[in-house]
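Each remark here refers to the structure printed beneath this line.
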Amino acid sequence: MDSILIKGGNSLNGNVRITGAKNSALKLMAAALLSDEAVYLSNMPDLADTRFLSHLLRHLGAEVHSNTETGCLQIMAANLGEPEAPYDLVRKMRATFNVLGPLLARKGRARVSLPGGCAIGARPVDLHLQALEALGAQIKLDQGYAIAKAPDGLTGANINFPFVSVGATEHAMLAAVLARGETVLSNAAKEPEITDLANMLNAMGARIAGAGQDTITIAGVDSLHGIDHEVVSDRIETGTYAMAAAACPDSEVTISNCQPEHLEALWAAMQRSGIEVTLGPNEVNIKRGTESLKPVDIETAAWPGFATDLQAQFMALMTLADGASIIRETIFENRFMHAPELSRLGADITVHGREAVVRGVKELTGAPVMATDLRASVSLVIAGLAASGSTSISRVYHLDRGFQNLEANLTALGANIRRVKN
Ligand code: UD1
């Protein structure tokens, strides 16, 4: 298995260009199943997760052509075959489950394996299933599969989510756009990826109002047509490079092709820590001097709060602050697996349930560490860049799921980082 070797201590300087958002791209790809015309996605990231979903779409009968040089993906789902997503094509990634709704809408039935994904807590799909049932699907769970049918089609419904779920909101939208009548989603997720999905579906002929707000209203339509759509930029990748620059004294990095307005909670926290953050229309400039960082408490929350997908990176940053900070994780149980690994580099972190107390240390020292999930692994990269000496990170396949050209981008900024093939 590959590992990543970092010799820490360099400052980072220059420009890094952000790709399209993984978390949006995966749902837009699932949405392409809703039309029998071609969907062209540009600004596509080229990641293990998007390649994995491409395999599944091909298995379902879609034609998928990817041009990784131009960042374009074409999906043509005119002739869908048997609506079955087997365990092997679903288990690695939770977002694959979102094909269930579009398959039901197009074919009236589907058999989709229950998903896998990052090991960050139980992560059930009960809200997804309840939403589909509210739309008239009959679903039974059998031997690890959701077997669903809606012989007479799906019908609009009022769905009130008991708590905010990004995946369930997207799944309900994907199923409701072709349902008969009106669907109202209350307590819906408001993430920029939800708005991106609604924008694409509306451009395909759907009638969705209120995306980005608590209540989304969907008037069902008979069919959706093809479209060219540019994937929204990846706010998590943006925030990750921002925190990499902030972790390395004497750094100045401009992050381009991004939408900094999607990350207000992060910028506020970084500014409180003493980092200079300058926002432009499609870029953000991050400046870290040689002074030490101030400790800042954060609590993760649904958008527009502090993103749970940036919590591990922020913890890496706070390990070197001048004092103690408290990091509270409210979205996922068990999302502090990076804490013991950061401690191997010399960080002082105590975890009590959903709260971690991070007491800043004077320096981190390189060590062998292990990636445990996608965002946790990139927090180890950030810590390794800031540490003195060498850090080797194993199990980097987690990183490949969500970060395109990570080593090349960081090398271009001045980091000493390379992949060791095994
Ligand atoms: C998506 C993102 C992930 C991000 C998360 C929260 C993708 C591919 N992944 O994940 O990177 O960290 O949003 O911003 O877009 N839950 C249930 N039952 C359900 C669904 C969710 O109990 O049916 C729980 C989850 O276990 C979690 C919470 O709800 O504790 C929020 O999860 P959700 O917003 O659904 O996250 P994902 O869509 O899985």
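The values are calculated or read from the model by the stated rules, or taken from the named source; none is laboratory data. All of these numbers come straight from a predicted model, not from anything done at the bench. Note that we place each Cβ from the backbone using ideal geometry, even for glycine, and neighbour counts take in every protein chain shown.
In the stretch 56-110, which residues are of a type in the set (Ser, Thr, Tyr) and outside any loop (DSSP other than H, G, I, E, B)?
Ser66, Tyr87, Thr96
Among the residues that make up the stretch 287-297, is at least one of them of a type in the set (A, V, I, L, M), in contact with a helix residue (DSSP H, G or I) (Cβ under 6 Å, 6 or more places away or on another chain) and outside any loop (DSSP other than H, G, I, E, B)? Within the stretch 287-297, none of the residues are of a type in the set (A, V, I, L, M), in contact with a helix residue (DSSP H, G or I) (Cβ under 6 Å, 6 or more places away or on another chain) and outside any loop (DSSP other than H, G, I, E, B). Yes or no: Glu37 away from the ligand (no atom under 16 Å from the Cβ), touching a residue at least 40 places away in the same chain (Cβ under 8 Å) and among the charged types (D, E, K, R)? Criteria met by Glu37.
Residues in the stretch 36-60 that are crowded, with 24+ Cβ neighbours inside 10 Å and of a type outside the set (A, V, I, L, M, F, W, C) were compared, and the one that is nearest to Asn257 (Cα to Cα) is Pro45.
Within the stretch 134-156, residues that are assigned by TED's automatic domain parsing to the domain that holds Pro86 and without any contact (Cβ under 8 Å) to a residue 12 or more places away in the chain sit with their Cβ atoms under 8 Å from residues that are charged (D, E, K, R) and not in a strand (DSSP E or B), at 6+ positions apart or across chains, in these pairs: Ile139/Glu133.
Tallying residues that are of a type outside the set (D, E, K, R), away from the ligand (no atom under 11 Å from the Cβ), free of Cβ contacts under 8 Å to residues at least 60 places away in the same chain and more than 14 Å from Ala386 (Cβ to Cβ) within the stretch 287-312 yields 3.
If the condition is being modelled with pLDDT under 90, of a type in the set (S, T, N, Q) and under 29 Å from Lys362 (Cβ atoms), then the stretch 372-422 contributes only Thr372. Scanning the stretch 403-422 for residues that are closer than 15 Å to Thr19 by Cβ and surrounded by fewer than 16 Cβ atoms within 10 Å (Cβ to Cβ) yields Asn405, Ala408, Ala412.
Give me a count of the residues in the stretch 216-226 that are touching a Leu at 6+ places or on another chain (Cβ under 9 Å) and either surrounded by 22 or more Cβ atoms within 10 Å (Cβ to Cβ) or more than 18 Å from Ala189 (Cα to Cα) (or both). Steps first, answer last, please.
Pass one, the stretch 216-226, residues touching a Leu at 6+ places or on another chain (Cβ under 9 Å): 216-218, 220-224.
If we keep only those that are either surrounded by 22 or more Cβ atoms within 10 Å (Cβ to Cβ) or more than 18 Å from Ala189 (Cα to Cα) (or both) as well, we get 216, 218, 220-224.
The number of residues fulfilling the criteria is 7.
At pLDDT 95 or above, more than 25 Å from Glu341 (Cβ to Cβ) and not β-branched (Val, Ile, Thr): does that describe Cys258? It is true that Cys258 is at pLDDT 95 or above, more than 25 Å from Glu341 (Cβ to Cβ) and not β-branched (Val, Ile, Thr).
Listed here are the residues, each with its yes/no results for (1) under 19 Å from the mean Cα position of the chain (by Cα); (2) assigned to a strand (DSSP E or B); (3) under 22 Å from Arg335 (Cα atoms); (4) within 16 Å of the ligand (Cβ to nearest atom).
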{"position": "Val358", "(1), (2), (3), (4)": "no, yes, yes, no"}
{"position": "Val369", "(1), (2), (3), (4)": "no, yes, yes, no"}
{"position": "Val381", "(1), (2), (3), (4)": "yes, no, yes, no"}
{"position": "Ser392", "(1), (2), (3), (4)": "no, yes, yes, no"}
{"position": "Arg418", "(1), (2), (3), (4)": "no, yes, no, no"}
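Residue-level check: of (1) part of a loop (DSSP other than H, G, I, E, B); (2) within 13 Å of the ligand (Cβ to nearest atom), Asp152 misses just (2). Counting only residues that are within 16 Å of Gln213 (Cα to Cα), surrounded by 23 or more Cβ atoms within 10 Å (Cβ to Cβ) and among the aliphatic types (A, V, I, L, M), the stretch 150-188 holds 6 of them. Taking the criterion of being surrounded by fewer than 17 Cβ atoms within 10 Å (Cβ to Cβ) and either within 16 Å of the ligand (Cβ to nearest atom) or on the phi > 0 side of the Ramachandran plot (or both), the residues of the stretch 313-352 that qualify are Gly323, Arg328, Thr330, Glu333, Asn334.
Where residues in the stretch 394-406 are within 16 Å of the ligand (Cβ to nearest atom) and not in a helix (DSSP H, G or I), which of them is farthest from the chain's Cα centre (by Cα)?
Gln404
A Cβ distance below 6 Å, combined with a sequence gap of six or more or placement on separate chains, defines the contacts here; from the stretch 7-26, residues that are farther than 15 Å from Asp196 by Cα reach residues that are at pLDDT 95 or above and within 16 Å of the ligand (Cβ to nearest atom) in the pairs Ile18/Ser233; Ile18/Asp234; Ile18/Glu237; Ile18/Thr238. Screening the candidates Glu237, Glu264 for the property of being within 16 Å of the ligand (Cβ to nearest atom), surrounded by fewer than 18 Cβ atoms within 10 Å (Cβ to Cβ), assigned to a helix (DSSP H, G or I) and not assigned by TED's automatic domain parsing to the domain that holds Ser42 yields one hit, Glu264. Between Thr195, Thr217, which is among the hydroxyl-bearing types (Ser, Thr, Tyr), in the same structural domain as Leu33 (by TED's automatic domain parsing), away from the ligand (no atom under 15 Å from the Cβ) and out of contact with any helix residue (DSSP H, G or I) (no Cβ under 8 Å at 6 or more places or on another chain)? Criteria check complete, one pass: Thr217.
The residue that is modelled with the lowest pLDDT, counting only those in the stretch 109-143 that are away from the ligand (no atom under 16 Å from the Cβ) and not acidic (Asp, Glu), is Gln143.
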